[in-house]
Every structure is written in C-alpha cells, then in structure tokens.
C-alpha cells in the first residue's frame, strides 16, 4: 500500500514537469516554433539584403538604371538599332482564306 502511495506521489510530481504549463512538452513546441521563425527571418533577411543591394546600385550608378530601362521598358539608346528575331519553328502556317462566291 505504501508503494502505491509513493508511485502516485511520483506521478503527481512528474505531471507538471512533462505536461504542465511550463513543462517539457511546451518547451519542445516553443523550440520548434522558434526554429521556424528563425528560418523565415533568414529568408526575409536575404530578400532584404538583395533589395538593399539593388537600391544601392540604383543610387550609385547608371548601369543598373540603364539595364532596367532596357529589360523592363524596352528602351534603347539614341542612334542605336533595335533588331528583334522571332522564333518561327513552332509557328503554325496560316490557312489560306477561301473566297466565297454568291
């Protein structure tokens, strides 16, 4: 009987340690959440660093501005010749128009 009381007392003392408000289960859950948040922060930091580098490049030189104007806006310099080559290998030939006579 005394051993049953001690076993119950041990279980009662262990419950808050493992499953209570500040128990190991909560600690493990918080560590997993912390790891996920750190990964998300690292991805956002890398994105911010890339954007910061792009802003600095735009502030310092005209090469980045020129590149964006060419790629995104299709602009060309004065006295420059623009040539566009179309890929015609995948283009279906047009059907001839049939003449309808009344």
Within region 10-32, is even one residue part of a helix (DSSP H, G or I) and under 23 Å from the mean Cα position of the chain (by Cα)?
yes
First in region 28-56 and within 22 Å of residue 66 (Cα to Cα), second anywhere and at pLDDT below 95 and assigned to a helix (DSSP H, G or I), Cβ under 8 Å, 6 or more apart
54/64
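The values are calculated or read from the model by the stated rules, or taken from the named source; none is laboratory data. Treat the numbers as computed from the prediction; the structure is a model and nothing was measured. Glycine gets a Cβ as well: all are built from the backbone with ideal geometry, and neighbour counts include every protein chain shown.
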